Amino acid sequence: MTRSLWLETAPSPARREPPLPREADVLVLGAGIAGLTTAYLLAEAGRSVVVLEAGEIAAGVSGHTTAKLTAQHELIYHRIAARRGPASAASYGAEQLAALDWVVRTAEKYGIECDLERVDSYVYTTDQEQVEKLRTEADVAAKAGLPASFVEEVDLPVDAVGAVRFRDQAQFHPRKWLLGLAAELEALDGRIIEGVRALGIQEGSPSIVRTTAGALRAKDVVVATHYPIFDRGVFFARLEPTRDLVVAGPASRQVVGTYLDAVTHHSVRSVPGGVLVVGGEHYRVGDHVDVAAKHERLAEWARDRFGVDVRYRWSAHDMSTVDGVPFVGRYHPRASHLWVATGFGQWGMTGGTAAGLLLRDLVQGEPSELASLFDPGRVSLPALVSFNATVAKYLAGDHLRALRAPGVSDLPPGEATVTRQGATMVAAYRDEAGVLHAVNARCTHLGCLVQFNNAERTWDCPCHGSRFALDGKVVQGPAVRPLHPLPEKGKNQ
Ligand code: FES
């Protein structure tokens, strides 16, 4: 099934949604790991906190991860040291270790059963040419204070020629953890309201946030919606959306530790009960890829090497910054009470928790040495140009492709197209029963043309990663409005 193991094995508890309060000290948008951690920490510090979640708690990006809780973020330490100096690499590493430690201590304190296990974490390679890079990473990370070393072998059925090992990291069940944390937040009188989407903000003192359930005033507003939903701060030009596919199921071969291939992005970890979670088939959102075929390739990889009987398939959706360091702090340079946490790449479990620890200090007005490292205002011009050249390429290429695409009337069952009908760009899918589902193909965020994802049957935007259901409903932002429905005459062809 195209469903996350985490969501299947930790269903939502029955909840009675409280009415939307009119005001709060702090409003947090997004009940994923960054939002809930920030909210919990601020409630613990005595602030009145409201969390709004457009969907369900931990059912978005945080419920679609591989859930490795580690300070080992691919090969980031030599990148940070080279760009920003060894002290920055050390600060980044210390914050990730602090985040890991905080999760372990808090789970223990409240007895949150989230399958948390301490394991070593590995980034390996099967490519001889990468070995030197891995050696450098191990060296830089060790000097930065991380428990890192280079090892020549890993206990995996792959032809690894070297790996960076981080000792004593962890893995857990992200949704069990977050449902437990949400309960502790509510025990501190924090309020979490599901099914309410923020639509806009009037910044001020307090700020007024317009939502689908009315308006709310808050002194501080924290935007932890994966992709920041308010169009200020120019995040759309500074975040690159990518995806990794994931499969899971009982396996005949087990692994101890968490593993990531530095080149192919294949990843492996275990779950109690003899289940393996295997990731891979990394791609940039918007590349014209056959997602169903990629999922099948990954399933084959997992079956061949580990004997995985694939029962679950999902995709992990990530936002990366140019330098690999998340954006955590002031939403834009003039913001005094509007905050953001985004751009965790594939490392949202520790990254999102670390963001919560930092935002607690910043919102409380406490100085933090980490503020400049994670400052969302930093830019890197050459990389920005390259990010946006990619977006421009999608804009131009997808338009041309749509102009040449055949009309919807010839669309066979099970197929989708984006094409022009008169003045309108149409995104159309004909289901197996022959029913046509058609919506306006222009993404309601900034107008790129959406593309069909044939594995999850969604319309995905190549520019900044918004996703929509077949009927146009928003599955994932930054878009907050659905794709426009088509006039009936356009639909019935
Ligand atoms: Fe930005 Fe679609 S997500 S244009």
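Between K133 and L446, the simple spin-label model (points 7 angstrom out along Cα→Cβ) gives 2.8 nm. Of all DSSP beta bridges confined to the chain, the antiparallel ones make up roughly 75%.
Keeping to pairs on different chains or 8 or more places apart, tell me how many lysine pairs in the chain have Cα atoms under 18 Å apart. Total qualifying Lys-Lys pairs in the chain comes to 4. Note on Q254/T126: beta-carbon distance plugged into 1/(1 + (r/R0)^6) with R0 of 22 Å gives a FRET efficiency of 0.60. FRET efficiency for the pair H332 and E300, taken as 1/(1 + (r/R0)^6) with r the Cβ-Cβ distance and R0 = 51 Å, rounds to 0.65.
Close amide-amide hydrogen proximity is noted between G200 and R210, each under 5 Å apart and 5 or more residues distant or on a separate chain (H modeled in the peptide plane; Pro and chain starts excluded). Of the GluC sites (Glu not before Pro) found in the range 234-340, no site is in coil according to DSSP while having at most 10 other Cβ atoms within 10 Å of its Cβ.
Want the number for T212 to A433: 0.36 nm per residue separation, take away the alpha-carbon distance, what's left? Can you show the working numbers first?
Numbers: separation 221, 0.36 × 221 = 79.56 nm, distance 3.38 nm.
Additional length available on full extension: 76.2 nm.
Before I look further, what does the chain give for accessible area per residue, probe 1.4 Å, in whole square angstrom?
Roughly 40 Å² per residue, with all protein chains present.
Taking label positions 7 Å along the Cα-Cβ direction at both E8 and E366, the computed distance is 4.2 nm, reported to one decimal. Listed as lacking a disulfide-compatible partner in the chain: C114, by the criterion of no other cysteine Cβ under 4.7 Å.
Evaluating 6.51 cos²θ - 1.76 cosθ + 1.60 at θ = phi - 60° for every residue in the range 62-73, the Karplus couplings come out as 5, x, 10, 10, 9, 6, 8, 9, 9, 7, 8, 10 Hz, glycine and proline recorded as x. Only DSSP H runs of four or more residues enter the estimate; each adds -39500 (n - 2.57), and after division by the residues of the chain the mean residue ellipticity at 222 nm equals -9000 deg cm²/dmol.
Overall shape of the chain was characterised from the C-alpha gyration tensor. The equivalent ellipsoid obtained from it has semi-axes of 33, 29, 22 Å, in decreasing order. A cut-off of 5 Å between modelled amide H atoms, ignoring neighbours fewer than 5 places along the same chain, links E23 with R217. Note that the range 47-61 has calculated 3J(HN,Hα) couplings of 8, 7, 10, 10, 10, 10, 10, 5, x, 10, 4, 6, 10, x, 4 Hz, one per residue in order, obtained from phi through the Karplus relation 6.51 cos²θ - 1.76 cosθ + 1.60 (θ = phi - 60°); glycine and proline are x.
Could you please report the charge total around V104, scoring K, R as +1 and D, E as -1 over all other residues with beta-carbon less than 13 angstrom from its beta-carbon?
Taking every other residue near V104 into account, the sum is -2.
In Å, what Kirkwood hydrodynamic radius results for the range 42-187 from the alpha-carbon pair distances?
Values: mean 1/r = 0.0587 Å⁻¹.
Hydrodynamic radius (Kirkwood, Cα pairs) of the range 42-187 is 17.0 Å.
The values are calculated or read from the model by the stated rules, or taken from the named source; none is laboratory data. Model, not experiment: these values are computed from the prediction. Reconstructed Cβ throughout: ideal geometry from the backbone, glycine too, with neighbour counts over all protein chains shown. Side chains are part of the model used for accessible areas, which takes the heavy atoms of the whole protein and leaves out ligands, DNA and RNA. Shrake-Rupley method; radii C 1.70, N 1.55, O 1.52, S 1.80 Å.
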